[in-house]
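Undergrad: Below is the structure I would like to discuss, written out as structure tokens.
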Amino acid sequence: MSHRLLTRDQIAERAAQDIPDGAYVNLGIGLPTKIAKYLPADKDVFLHSENGLLAFGPPPAKGEEDPELINAGKEYVTMLDGGSFFHHGDSFAMMRGGHIDICVLGAFQVAANGDLANWSTGAPDAIPAVGGAMDLAVGAKKVFVMTNHTTKTGEPKIVSELTYPVTGKHCVDRIFTDLCVIDVTDKGLVVTEMVEGLSFAELQAVTDATLIDATGINATQV
Amino acid sequence: MINKADKNITDVLSQIKDGATIMIGGFGTAGQPAELIDALIDLGVKDLVIINNNAGNGDHGLAKLLKTGAVRKIICSFPRQSDSWVFDELYHAGKIELELVPQGNLACRIQAAGMGLGAVYTPTGFGTLLAEGKEMRHIDGKDYVLEYPIKADFALIKADKGDRWGNLVYRKSARNFGPIMAMAADITIAQVSKTVELGKLDPEHIITPGIFVQHVVQIEPTSSTTAAIA
């Protein structure tokens with residue numbers, strides 16, 4: 001194969017391009033939080049955090065950290081002018097009530113029908129933790145997933161059916177991986193972009209679910 | 001004259017008995033009433049059921065309470081964190097019961113209790129392991145899970161300012177579960193950084209009206225309560 005994998009930052013940069021001006025957006029903890037760095041300054045994108053922040057901004061300068069101003073990943077943040085604070089009831093009204101335009105979540109697995117698994121590996125001795133993922137999965141108008149295409153050991157994460165416990169059924173709309181962009185449609189998983197130098201057959205070979213090629217001549221330009 | 005801010009922390013907490021169900025505010029350590037928790041530890045009550053978003057961070061606050069073995073069960077959404085070693089050890093040793101609740105369901109179940117609702121139908125968790133065995137309902141094209149209210153004997157919360165009628169304002173992301181827990185407990189005890197005279201809190205800005213608060217305890221912030229968070 002003569003392609004290169006996108007870095008985590010490059011996946012974030014690509015996902016950021018699909019977030020429109022004026023969107024209310026929740027970035028899941030971990031990988032998706034990187035997207036904030038790549039939102040163009042000329043767009044007003046309102047970042048929501050489930051612990052009660054709307055329109056929060058970048059991390060504070062060293063020495064300016066406030067233990068009472070953190071995001072859902074428990075990282076220090078700042079507030080933009082026009083930002084607001086609210087309690088957990090209102091915060092989840094924003095999420096579950098369909099007011100968040102886009103959420104971007106990490107994934108253990110995404111299935112061909114848009115089912116998402118990202119809260120539990122089902123291992124018997126693992127401590128389960130769910131946080132707000134199930135609320136976002138059912139509540140956000142659009143659910144994006146940002147993930148490496150395969151696990152560290154090369155197992156496919158885009159699968160025909162989940163083997164891990166489900167977070168939300170039929171919830172995922174678009175998947176950004178280090179190899180491609182996939183739209184989840186009624187017809188199946190439609191690949192709209194791939195990294196340069198990767199063939200569709202090579203992509204299919206590292207994907208458990210059946211993919212549909214809609215890349216045409218376009219390759220990801222990052 | 002009503003003065004909800006007239007008792008010291010020990011007298012206020014001495015109402016709490018073995019077996020109590022206690023909501024503790026905070027998201028991670030932001031908004032966690034660390035001094036109330038310390039006083040609860042000193043009280044030595046046992047067999048507690050705790051409701052919080054997490055299951056303690058580091059060795060302070062809620063984690064310290066768990067470490068004493070006083071907690072029988074915890075209801076939370078996100079126990080597993082990089083610094084949740086106290087909970088992790090208790091859980092693996094089978095010394096604490098965990099009820100895992102998606103965060104939004106935790107919030108709406110607490111709200112349901114505060115609002116006097118019998119239950120709520122929530123879409124969150126439908127079709128997942130966390131909805132197994134629960135009643136389902138298909139309403140207007142969407143699937144819902146029946147979830148019951150979570151109420152408590154006590155809520156221990158942290159606010160920024162309070163007055164003698166129990167009105168509260170919060171600070172930044174420390175607000176989180178405070179306002180909804182205050183509504184869902186029989187007795188809400190708020191630790192505040194400052195108590196102010198009646199009238200000093202602008203009625204337009206009061207977040208928790210005093211009707212939901214039974215006690216206000218002033219604890220001035222020290223460097224230890226604003227220590228670095230996880």
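FYI, it's all coordinate maths here, none of it is from the lab. Given the structure is predicted, the values throughout are model-derived calculations rather than measurements. Every residue, glycine as well, gets a Cβ built from its backbone with ideal geometry; the counts of neighbours run over all protein chains shown.
Undergrad: Give me the Kirkwood hydrodynamic radius of the stretch A:8-213 in Å, from all C-alpha pairs, to one decimal place?
TA: Details: mean 1/r = 0.0570 Å⁻¹.
It is 17.5 Å.
Undergrad: Then there is this: Hey, can you grab everything whose amide H is under 5 Å from the amide H of A:G168? Only 5+ residues off in sequence or another chain; H modelled, so Pro and N-termini drop out.
TA: A:L116
Undergrad: Hey, what's the per residue convex hull volume over the C-alpha atoms of the stretch B:10-67, in cubic angstrom? Don't jump to the answer; show the numbers that get you there.
TA: On the way: hull volume 4.2 nm³, N = 58.
Residue-normalised Cα hull volume stands at 72 Å³.
Undergrad: Restricting to Cα pairs below 8 Å that are 6+ residues apart, what does the relative contact order work out to for chain A? Please round to a whole percent.
TA: 20
Undergrad: Using only the alpha-carbon atoms, what does the stretch B:111-209 span along each of its principal axes? Please give whole angstrom values in decreasing order.
TA: That works out to 51, 27, 22 Å along the principal axes.
Undergrad: What residue among A:L27, A:T153, B:I110 has its Cα farthest toward the positive end of the dipole of the protein assembly as shown, where the charges are +1 on Lys, Arg and -1 on Asp, Glu, each on the Cβ?
TA: Sorting the options by dipole projection puts first B:I110.
Undergrad: Same structure, new question: Rounded to whole Hz and in sequence order, give me ³J(HN,Hα) for the stretch A:7-21 from the Karplus expression 6.51 cos²θ - 1.76 cosθ + 1.60, θ = phi - 60°, writing x for Gly and Pro.
TA: 6, 4, 5, 5, 5, 4, 5, 5, 4, 4, 5, 9, 9, x, 3
Undergrad: Net charge near B:T68: determine it from the other residues with C-beta under 14 Å of the C-beta of B:T68, scoring Lys and Arg +1 and Asp and Glu -1.
TA: Numbers: positive: B:K46, B:K64, B:K67, B:R72, B:K95; negative: B:D18, B:D38, B:D42, B:D47, B:D59, B:E89.
Its environment carries a net charge of -1.
Undergrad: Between A:V110, A:V191, A:V145, where does the largest GNM mean-square fluctuation fall for chain A, given springs only between Cα atoms within less than 10 Å?
TA: Judging by the Gaussian network model, the answer is A:V191.
Undergrad: Counting Lys and Arg as +1 and Asp and Glu as -1, each charge on the Cβ, what is the dipole of the stretch B:16-144 about the Cα centre in debye, to the nearest 20? Spell out each step's value before the answer.
TA: Values: 12 positive and 15 negative charges, 43 e Å.
Value, rounded to 20: 200 debye.
Undergrad: Please give the average number of partner chain Cβ atoms lying within 10 Å of the Cβ of each residue in B:78-88, rounded to a whole number. If you can, show how the numbers build up before the last one.
TA: Values: counts 10, 5, 7, 3, 1, 1, 2, 0, 0, 1, 1.
Counting other chains' Cβ atoms within 10 Å and averaging over B:78-88 gives 3.
Undergrad: Taking the Cα centre of chain B as origin and charging only Cβ (+1 Lys, Arg; -1 Asp, Glu), how large is the dipole, in debye to the nearest 20?
TA: Details: 23 positive and 26 negative charges, 28 e Å.
Dipole of chain B, to the nearest 20 debye: 140 debye.
Undergrad: List every residue whose amide H lies under 5 Å from the amide H of B:T208, counting only residues 5 or more places away in sequence or on a different chain, with H placed 1.01 Å from N in the peptide plane.
TA: B:L168
Undergrad: How big is Rg to Rh over the stretch A:101-216, alpha-carbon atoms, Rh as the Kirkwood inverse-mean-distance radius? Can you show the working numbers first?
TA: Values: Rg = 13.7 Å, Rh = 14.2 Å.
Ratio of gyration radius to Kirkwood radius: 0.96.
Undergrad: Compare B:A155, B:A93, B:A30 in a GNM of chain B, Cα atoms joined below 10 Å, and give the one with the largest fluctuation.
TA: Among B:A155, B:A93, B:A30, the largest GNM mean-square fluctuation belongs to B:A93.
Undergrad: Of A:S2, A:S199, how do they rank once you tally other Cβ atoms within 10 Å and put the fewest first? Numbers along the way, then the final one.
TA: Details: A:S2 8, A:S199 13.
Listed from fewest to most nearby Cβ atoms, that is A:S2, A:S199.
Undergrad: Give me a single rounded figure for B:130-139: the average over its residues of other chain Cβ atoms within 10 Å of their Cβ. Numbers along the way, then the final one.
TA: Values: counts 8, 1, 0, 0, 0, 0, 0, 0, 0, 0.
Mean partner shielding for this stretch: 1.
Undergrad: With an 8 Å Cα cut-off and a minimum separation of 6 or more residues, compute the relative contact order for chain B in percent.
TA: On the way: 540 pairs, mean separation 52.2, N = 230.
Computed over chain B, the figure is 23 percent.
Undergrad: Moving to a separate point now. Suppose only helical runs count, i.e. DSSP H with n ≥ 4. What mean residue ellipticity at 222 nm does that imply for chain A under -39500 (n - 2.57) per run, divided by all residues and rounded to the nearest 500 deg cm²/dmol? Each step should come with its number before you reach the end.
TA: Values: 4 runs with 31 residues, N = 222.
When only DSSP H runs of four or more count, the value is -3500 deg cm²/dmol.
Undergrad: Related question: Compute the semi-axes of the equivalent ellipsoid of chain B, taking the square root of 5 times each eigenvalue of the Cα gyration tensor, and list them largest first in whole Å.
TA: Numbers: eigenvalues 162, 102, 47 Å².
The equivalent ellipsoid of chain B has semi-axes of 28, 23, 15 Å.
Undergrad: Taking θ = phi - 60°, what integer Hz values does the Karplus form 6.51 cos²θ - 1.76 cosθ + 1.60 yield along the stretch A:89-105, in sequence order, with x for Gly and Pro?
TA: These are the phi-based 3J(HN,Hα) values: x, 5, 4, 7, 5, 4, 7, 7, x, x, 9, 7, 6, 9, 10, 10, 10 Hz.
Undergrad: Could you please rank A:H48, B:H60, placing first whichever residue has the fewest other Cβ atoms within 10 Å of its Cβ? Don't skip to the end; give the middle numbers.
TA: Values: A:H48 27, B:H60 20.
Ranking A:H48, B:H60 by Cβ neighbours within 10 Å, fewest first, gives B:H60, A:H48.
Undergrad: A further question follows. Projected area of the protein assembly as shown, taken from the Cα convex hull and averaged over every viewing direction, in nm²?
TA: On the way: hull surface 90.9 nm².
The orientation-averaged projected area of the Cα hull of the protein assembly as shown comes to 22.7 nm².
Undergrad: Calculate one ³J(HN,Hα) per residue across the stretch B:80-87 by plugging θ = phi - 60° into the Karplus curve 6.51 cos²θ - 1.76 cosθ + 1.60, and present them in order as whole Hz with x for glycine and proline.
TA: 8, 9, 5, 10, 9, 4, 5, 4
Undergrad: Still on this structure: Between the stretch B:107-173 and the stretch B:9-42, what is the C-alpha centre distance in whole Å?
TA: For the stretch B:107-173 versus the stretch B:9-42, the Cα centre distance is 20 Å.
Undergrad: Sticking with this structure for a sec: Collect residues whose amide H, placed 1.01 Å from N in the peptide plane, falls under 5 Å from the amide H of B:A155; neighbours closer than 5 in sequence don't count.
TA: B:M23, B:I187, B:T188, B:I189
Undergrad: Separate question: Report for the protein assembly as shown the percent antiparallel among DSSP-assigned beta bridges with both residues inside it, nearest 5.
TA: Working: 31 of 77 bridges.
Among the beta bridges of the protein assembly as shown, antiparallel pairing accounts for roughly 40 percent.
Undergrad: Calculate the dipole size of the stretch A:8-213 relative to its Cα centre from +1 charges on Lys and Arg beta carbons and -1 charges on Asp and Glu beta carbons; express the result in debye to the nearest 20. Provide the component values of the computation, followed by the final result.
TA: Details: 15 positive and 29 negative charges, 54 e Å.
About 260 debye.
Undergrad: For chain B, modelled as a GNM with alpha-carbon contacts under 10 angstrom, which of B:R80, B:R175, B:R164 fluctuates the most?
TA: Between B:R80, B:R175, B:R164, it is B:R80 that shows the largest mean-square fluctuation.
Undergrad: While we're here: Using only atoms on other chains, find how many Cβ atoms lie within 10 Å of each Cβ of peptide A:166-173 and report the average. Write down the numbers at each step before the final one.
TA: Details: counts 6, 5, 6, 4, 1, 0, 0, 0.
Per-residue shielding by partner chains comes out at 3.
Undergrad: Grab every C-alpha pair in the stretch B:25-124, bin the distances at 10 angstrom width from 0 up to the longest one, and report whole percents.
TA: 15, 47, 29, 8, 0
Undergrad: While we're looking at this one, here's another question. Going by C-beta contacts inside 10 Å, put B:R137, A:R4 in order with the fewest on the left. Numbers along the way, then the final one.
TA: Details: B:R137 11, A:R4 14.
Ascending Cβ contact count within 10 Å gives the list B:R137, A:R4.
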